[in-house]
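Contents: one structure, followed by commentary.
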Amino acid sequence: MGNDFFNKDNIFYLFNFSYIGLSISLGIFLFIKKYKHARRIVQLLVGLYMLIYLGLICNENMQIEGFWYYLFTGVFEAATIHYAVAKIFGPLLFGRGWCGYACWTAMVLDFLPYKSPSQPRKKLGWIRYITFMVSLVFVASLFLAKVGNIERIMFWAFIVGNLAYYAVGIALAFAFKDNRAFCKYICPITVFLKPMSYFSVLRIKCDKDKCISCEKCKRVCPMNVDVTDNSRKRKNGTECILCMECVRNCPKDAL
Ligand code: SF4
Ligand code: SF4
Ligand code: SF4
């Protein structure tokens, strides 16, 4: 009698979650040691793993199109689990930690020179709903038109989609002098992330007794969050990526 637990899929998931768990643990250790680049190390370890190993080697389309694809086929694959954990139910617990510590698009954008935005936020957030709908319609039409070999198309969609995200993300970062412009206006995944992270258990709070209203936290925040307001309705509250820049820069340890 074979041991069902040690089948290929379970070993894959065990390895996958162990690797990500170890990367996050290393990040927490480095953060406790006050290592400046702790977040970037986790972002590179997890982001590269997902992009290169899961995406390019295992052919798992972890972009939003992959999520739609597996949803329509009804197959419970890595991309479905990934979306459920990192982007739909996980944010109830850890907000947009995905965006700060794992996303392979932001992993590249964070290398660009505009770490904190110098201009006010633009009213372009509506574009995310268009990219969201385009991704859904694209995959749905493949199924409706009964196109053959959708799996292969999804692999190429992953490559082309990623290249397009990088190209648009880099161009926007330079145009708006803001590394995270893509995240703020274009990324379709934020359609899931934003409402769920509104209820996040993990969030940065401000100790009003210590705060001297110097506004430094707001100046360094890459996502324009008003972190001194403790209410859930704080300005750009659902944009917080838990990067800890505000915490590291607060002169009064009020965050
Ligand atoms: S908003 Fe989108 S592109 Fe930006 S970090 Fe989050 S998932 Fe990645
Ligand atoms: S940086 Fe600290 S002290 Fe200054 S406004 Fe923000 S929370 Fe208050
Ligand atoms: S700087 Fe603070 S408020 Fe802004 S995204 Fe990072 S953790 Fe969130």
Would you confirm whether or not the range 65-72 contains a residue that is within 27 Å of LEU172 (Cα to Cα), touching a helix residue (DSSP H, G or I) at 6+ places or on another chain (Cβ under 9 Å) and within 13 Å of ligand 1 (Cβ to nearest atom)?
yes
I'd like to know if the range 182-199 contains one or more residues that are more than 16 Å from ligand 1 (Cβ to nearest atom), touching a helix residue (DSSP H, G or I) at 6+ places or on another chain (Cβ under 9 Å) and within 20 Å of PRO91 (Cβ to Cβ).
yes
How many residues are within 16 Å of ligand 1 (Cβ to nearest atom) and without any contact (Cβ under 8 Å) to a residue 60 or more places away in the chain when one looks only at the range 236-255?
1
Of those in the range 49-83 that are β-branched (Val, Ile, Thr) and modelled with pLDDT of 85 or more, the residue nearest to GLY148 (Cα to Cα) is ILE64
Which of the numbered conditions does ALA171 fail, given that it passes all the others? Conditions: (1) within 16 Å of ligand 2 (Cβ to nearest atom); (2) surrounded by fewer than 18 Cβ atoms within 10 Å (Cβ to Cβ); (3) over 17 Å from the mean Cα position of the chain (by Cα).
(1)
Quick check on the range 38-48. Is at least one of its residues at pLDDT below 90 and surrounded by 14 or more Cβ atoms within 10 Å (Cβ to Cβ)?
no
Among the candidates TYR165, TYR129, which residue alone is surrounded by 19 or more Cβ atoms within 10 Å (Cβ to Cβ), of a type outside the set (S, T, N, Q) and either free of Cβ contacts under 8 Å to residues at least 24 places away in the same chain or within 28 Å of LEU92 (Cβ to Cβ) (or both)?
TYR165
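Of the residues ILE212, ILE186, only one is surrounded by fewer than 15 Cβ atoms within 10 Å (Cβ to Cβ), farther than 15 Å from GLY97 by Cβ and among the β-branched types (Val, Ile, Thr); which?
ILE212 is the lone residue from the list that is surrounded by fewer than 15 Cβ atoms within 10 Å (Cβ to Cβ), farther than 15 Å from GLY97 by Cβ and among the β-branched types (Val, Ile, Thr).
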Here are VAL201, VAL160, VAL137, VAL147: which of them is β-branched (Val, Ile, Thr), in contact (Cβ under 8 Å) with a residue 12 or more places away in the chain, surrounded by fewer than 17 Cβ atoms within 10 Å (Cβ to Cβ) and away from ligand 2 (no atom under 16 Å from the Cβ)?
VAL201
Any residue in the range 208-219 that is on the phi < 0 side of the Ramachandran plot, touching a Lys or Arg at 6+ places or on another chain (Cβ under 9 Å), modelled with pLDDT of 95 or more and within 14 Å of ligand 1 (Cβ to nearest atom)?
no
Applying the selection to the range 204-235, what residues are within 15 Å of GLY95 (Cα to Cα) and either β-branched (Val, Ile, Thr) or touching a residue at least 60 places away in the same chain (Cβ under 8 Å) (or both)?
ILE204, VAL225, VAL227
One residue is enough: does the range 131-146 have a residue meeting the conditions within 16 Å of ligand 1 (Cβ to nearest atom), closer than 23 Å to CYS243 by Cα and not in a loop (DSSP other than H, G, I, E, B)?
no
Matching residues, the range 207-255, being within 13 Å of ligand 2 (Cβ to nearest atom), closer than 25 Å to PHE182 by Cβ, outside any helix (DSSP H, G or I) and more than 17 Å from the chain's Cα centre (by Cα):
ASP226, VAL227, ARG234
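The values are calculated or read from the model by the stated rules, or taken from the named source; none is laboratory data. Computed from a predicted structure; not experimentally measured. Ideal geometry is used to build each Cβ from the backbone, glycine not excepted, and the neighbour counts take in all protein chains shown.
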